């Protein structure tokens, strides 16, 4: 498709979606962006805002007319609704003659393998994580239906960069209020991807003729230890905000503090910035994993070349305000 064609985007006011919208608009695409409330996103001369709700298909159906592609980056307010809302969006898109459907998923669908190189050939697994389970259910429904000419699933790594996101602002906000646990001294593997590299990948997929269903892992291809990443966050914060624990110590600490009694809640309040944020078993498993998620398929088939190293990527992030 050419850069003058129309792309319908959900989740365009979110962390990843906003960067995708900006990149598409800068590249000359006409963007129709679904928003829940008028004025909830910054105006842009190349972006048409469509007020509607992902769970109410009639509210956005007319905006699909004439669109060449849909980029689905949104979540509803309730994970229980996301699967059906996504399937309905795909069905309505196919009926409207949209050719390409790009869905943003997550590497969390693989679970947390202890080690190894994870490619798209590895089958996803059911894990005790509502978010990952929802994304996996969506993937399975998209793969099971061939009504869309081209469906592309992007399994994103840990997305960082300017303008928000859990792995940047989310962690920094926690570090401002207390300390984070480095499980096993941060020896696990962080599979990162800068948000601007994701935005740069989308036009590659729009310009390409894709098969009926394609899956790509999206990482920068240069995994680092979590200790390295958290050290960069501490540098932005301007002080130390981590504490090392073994896996067993982290689990024992979580049992005491994830659902604290009233006396423990009082102690937590008194500790203030010294408080150590607990991890649940799922979080611990993620930080223990030493698996690396390969991006070679995207590099070979799309010519995807991540621009940002961790060092250059962190320079795009402003230090948090005091």
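Of all positions in the stretch 2-14, at least one carries a residue that is in contact with a helix residue (DSSP H, G or I) (Cβ under 6 Å, 6 or more places away or on another chain), modelled with pLDDT of 95 or more, within 29 Å of residue 127 (Cβ to Cβ) and not in a loop (DSSP other than H, G, I, E, B). One residue alone among 243, 218 is within 23 Å of residue 119 (Cα to Cα) and surrounded by 14 or more Cβ atoms within 10 Å (Cβ to Cβ), and that residue is 218.
Which residues, taken from the stretch 51-76, are surrounded by fewer than 18 Cβ atoms within 10 Å (Cβ to Cβ) and either in contact (Cβ under 8 Å) with a residue 24 or more places away in the chain or part of a helix (DSSP H, G or I) (or both)? Once the filter is applied, which keeps residues that are surrounded by fewer than 18 Cβ atoms within 10 Å (Cβ to Cβ) and either in contact (Cβ under 8 Å) with a residue 24 or more places away in the chain or part of a helix (DSSP H, G or I) (or both), the stretch 51-76 yields 55, 57, 58, 59, 61, 62, 65, 66. Can you tell me which residues in the stretch 186-197 are surrounded by fewer than 24 Cβ atoms within 10 Å (Cβ to Cβ), in contact with a strand residue (DSSP E or B) (Cβ under 7 Å, 6 or more places away or on another chain) and part of a helix (DSSP H, G or I)? Answer for the stretch 186-197, where residues must be surrounded by fewer than 24 Cβ atoms within 10 Å (Cβ to Cβ), in contact with a strand residue (DSSP E or B) (Cβ under 7 Å, 6 or more places away or on another chain) and part of a helix (DSSP H, G or I): just 186.
Could you list, in sequence order, all residues of the stretch 133-166 that are on the phi > 0 side of the Ramachandran plot, part of a loop (DSSP other than H, G, I, E, B) and crowded, with 19+ Cβ neighbours inside 10 Å? Matches in the stretch 133-166: 161 only. Are any residues in the stretch 77-92 surrounded by fewer than 15 Cβ atoms within 10 Å (Cβ to Cβ) and either touching a helix residue (DSSP H, G or I) at 6+ places or on another chain (Cβ under 6 Å) or within 14 Å of residue 34 (Cα to Cα) (or both), and if so, which ones? 79 - this is the single residue of the stretch 77-92 that is surrounded by fewer than 15 Cβ atoms within 10 Å (Cβ to Cβ) and either touching a helix residue (DSSP H, G or I) at 6+ places or on another chain (Cβ under 6 Å) or within 14 Å of residue 34 (Cα to Cα) (or both). State yes or no: is residue 107 under 23 Å from residue 209 (Cβ atoms), under 14 Å from the mean Cα position of the chain (by Cα), crowded, with 16+ Cβ neighbours inside 10 Å and at pLDDT 95 or above? When the stated conditions are applied, residue 107 does not pass them. Filtered by the rule that a residue be closer than 21 Å to residue 89 by Cα and either in contact with a helix residue (DSSP H, G or I) (Cβ under 9 Å, 6 or more places away or on another chain) or touching a residue at least 24 places away in the same chain (Cβ under 8 Å) (or both), the stretch 16-38 gives 16, 17, 18, 20, 21, 24, 29, 30, 31, 32, 33, 34.
The values are calculated or read from the model by the stated rules, or taken from the named source; none is laboratory data. No experiment lies behind these values; they were computed from the predicted model shown. So basically every Cβ, Gly included, is an ideal-geometry build from the backbone, and we count neighbours across all protein chains shown.
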